[in-house]
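Shown next, in structure tokens, is the structure this report addresses.
Every number here is computed from the coordinates shown, using simple stated rules; none is lab data. Note that this is a predicted model, so its numbers are computed, not measured. For neighbour counting, all protein chains shown are included, and Cβ atoms are generated from backbone atoms with ideal geometry for every residue, glycine included.
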Amino acid sequence: MSKPPINFFTEEIKYNLQQKTKIRTWIENTIKAEGYVLEELNFIFCSDEYLLAINQQYLQHDTYTDVITFDNSEVLKTITGDIFISIERIQENARNYKGKTADELCRVMIHGTLHLLGYKDKGKTAKTLMTQKEDHYLSQLSNY
């Protein structure tokens, strides 16, 4: 069986994701567990300014954010998407929450993936479910 098409890129920063194989397997198994098929998923690690420009151009939001997810799927229950993540924002969030950058990055990666799986984070009920799903799948990461 070939590896799932999960790719990692950088824009305007230098960043080397550790444990790529483990993270690919974790993300693939999350997608399978939710009843979806993975076609292609790209994680693009970038600077604050790069993500701000995307936020302004595509979402008309003039704010910094840690993650923006684009769903490019054309078939139901199939994942094709791009997840842009600001490494600078991740590092700042980790400092603010007194956590590890790697842990915060995994949380944001699974958060973006959950958006592709149909989960929302607007409104209290949706946000609570999203957080529960994040926590559940983060707890699975150590199994890989």
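Checking each residue in region 71-87 for being buried (at least 17 other Cβ atoms within 10 Å of the Cβ) and either acidic (Asp, Glu) or within 13 Å of MET109 (Cα to Cα) (or both) picks out GLY81, ASP82, ILE83, PHE84, ILE85, SER86, ILE87. Of all residues in region 91-139, which are touching a helix residue (DSSP H, G or I) at 6+ places or on another chain (Cβ under 9 Å), within 16 Å of VAL67 (Cα to Cα) and outside any helix (DSSP H, G or I)? Scanning region 91-139 gives LEU117, TYR119, LYS120, ASP121.
Would you confirm whether or not region 15-26 contains a residue that is in a helix (DSSP H, G or I), among the β-branched types (Val, Ile, Thr) and loosely packed, with under 12 Cβ neighbours inside 10 Å?
Residues of region 15-26 in a helix (DSSP H, G or I): 20-26.
Next, only the ones that are among the β-branched types (Val, Ile, Thr) stay: 21, 23, 25.
Remaining after also requiring loosely packed, with under 12 Cβ neighbours inside 10 Å: 21.
Scanning region 15-26 turns up at least one residue that is in a helix (DSSP H, G or I), among the β-branched types (Val, Ile, Thr) and loosely packed, with under 12 Cβ neighbours inside 10 Å.
Of the residues ALA126, ALA94, ALA102, the single one that is over 13 Å from the mean Cα position of the chain (by Cα), within 21 Å of SER47 (Cβ to Cβ) and of a type in the set (Gly, Ala, Ser) is ALA94. The criterion of being within 23 Å of LEU129 (Cα to Cα), β-branched (Val, Ile, Thr) and buried (at least 16 other Cβ atoms within 10 Å of the Cβ) does not hold for ILE44.
Restricting region 3-14 to residues that are part of a strand (DSSP E or B) and not aromatic (Phe, Trp, Tyr), the residue that is farthest from ILE79 (Cα to Cα) is GLU11.
Restricting TYR15, TYR36 to those that are farther than 19 Å from HIS115 by Cα, aromatic (Phe, Trp, Tyr) and in contact (Cβ under 8 Å) with a residue 60 or more places away in the chain reduces the list to TYR15.
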